[in-house]
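The structure appears below as structure tokens.
The values are calculated or read from the model by the stated rules, or taken from the named source; none is laboratory data. Only a predicted model underlies this, so the values are computations on that prediction, with no experimental measurement involved. Using ideal geometry, Cβ is built from the backbone for each residue, glycine included, and neighbour counts are taken over all protein chains shown. Heads up: the accessible areas ignore ligands, DNA and RNA and are worked out on the full protein's heavy atoms, side chains in. Shrake-Rupley method; radii C 1.70, N 1.55, O 1.52, S 1.80 Å.
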Amino acid sequence: MAAHGRSSGRDASKLEVYLLPMPAYNGLRGADILTTMHESQKRNPIRDVWTVKLPKKLIEYISSVCEEHSPQIRQDAVLMLKRYAWQYARSRQGDSSAMYQNLQVVALTCANLAAKHWQQHGIPEQRLHWLSRNSFTRQDFIEAEVDVLRALDCNVHWDGVLLAEWVPLVLHLCASFFKQTDQAAIVNGVAAHVSDVLAFQDDLMSSYWPSELAAATLHASMMLCTKCFHQYAVSLRINHLCRCDEAKVANLSEKILAAAIGHKCAELILEGSGMTADDYGSQDQGFLTPVLKNGESDHEALQF
């Protein structure tokens, strides 16, 4: 077992201790990355910006434009559009009537800027014209990009942390809890779709920290993968890394699950999809490592 703590001179109640080995990520210590991300999301609260209400059709449009791109690009594009609307409303003292007349070209511009940031190249110009059905000229796109950059003070990237950044990192740090190497990728794929649904859930996005949403999103995604509500060791580990209370994550994941697949289907999963204990046992619980039983050690649970 390995333990990590902050400076020994600090109050013991404020020490950050990780009881299991923390893998590195691109040469950086996992514990250091987590600490930085937790601090960053508090310094730059994304939930404040997410209070901006945008037409649902516009969110659907920008999501479809970024459909073939990574979850980070999709989420950053929506966030950038909200940041633009937020800054515009502040500069016009709440009057956003003029802005909403041109939000389609602004939405395309935000998607293009997000793609440029995350993959070093944007959406091809001909693709932008096709996506807009030739509704805008090249000059329209240039003016919209200048307008967005001016509104954001040329700071395209959000200085805080996206939900789409938390999910893959936490899964990477919990890779040893999965019985097969491809299972984390499966959960990550499901979580990406669930995260896309959250782009439409302004109340949830503006009420919780990205780390809390990440823990609950992964919890909901594992329920979708296993088709039942069950407590796994990886869930407890994710909650610990995200600094979330288990009961709070369970409650939030139910809300996310209902938003993703509807209340009726969510209830079926939460109730076990009608499966009996024998049915569940016959599946061999082969997807994830169950939570520790009495008498088991962490070392035994981590060896597969």
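Some observations on this one:
- Cross-chain or 6+ apart pairs with Cβ under 9 Å, the stretch 94-111 first and on the phi < 0 side of the Ramachandran plot, then at pLDDT below 85 and open to solvent by 60 Å² or more (accessible area, probe 1.4 Å): 98/92; 99/92
- Within the stretch 217-234, the set of residues being closer than 26 Å to residue 32 by Cα and either touching a residue at least 40 places away in the same chain (Cβ under 8 Å) or among the β-branched types (Val, Ile, Thr) (or both) comprises 217, 218, 232, 233, 234.
- Residue ID - nearest to the chain's Cα centre (by Cα), chosen from residues in the stretch 115-135 that are part of a helix (DSSP H, G or I) and free of Cβ contacts under 8 Å to residues at least 12 places away in the same chain: 127
- When the residues of the stretch 197-228 are filtered to those that are of a type in the set (S, T, N, Q) and open to solvent by 30 Å² or more (accessible area, probe 1.4 Å), the one that is farthest from residue 267 (Cα to Cα) is 206.
- Residue 141 aromatic (Phe, Trp, Tyr) and either assigned to a loop (DSSP other than H, G, I, E, B) or under 25 Å from residue 209 (Cα atoms) (or both): no
- Test: residue in the stretch 165-179 that is of a type in the set (Asp, Glu), buried (at least 19 other Cβ atoms within 10 Å of the Cβ) and in contact (Cβ under 8 Å) with a residue 24 or more places away in the chain: yes
- Candidates in the stretch 97-108 are the residues that are open to solvent by 80 Å² or more (accessible area, probe 1.4 Å) and in contact with a helix residue (DSSP H, G or I) (Cβ under 9 Å, 6 or more places away or on another chain); of these, the one that is modelled with the highest pLDDT is 102.
- Those residues of the stretch 229-248 which are surrounded by fewer than 18 Cβ atoms within 10 Å (Cβ to Cβ) and among the polar types (S, T, N, Q), in sequence order: 231
- Flag for residue 94 being closer than 30 Å to residue 240 by Cα, modelled with pLDDT under 90, small (Gly, Ala, Ser) and in a loop (DSSP other than H, G, I, E, B): no
- Evaluation of residue 180 against (1) in a helix (DSSP H, G or I); (2) closer than 28 Å to residue 217 by Cβ (one fails), failing number: (1)
- Members of the stretch 241-256 that are within 14 Å of residue 194 (Cβ to Cβ) and in contact (Cβ under 8 Å) with a residue 40 or more places away in the chain: 252, 255, 256
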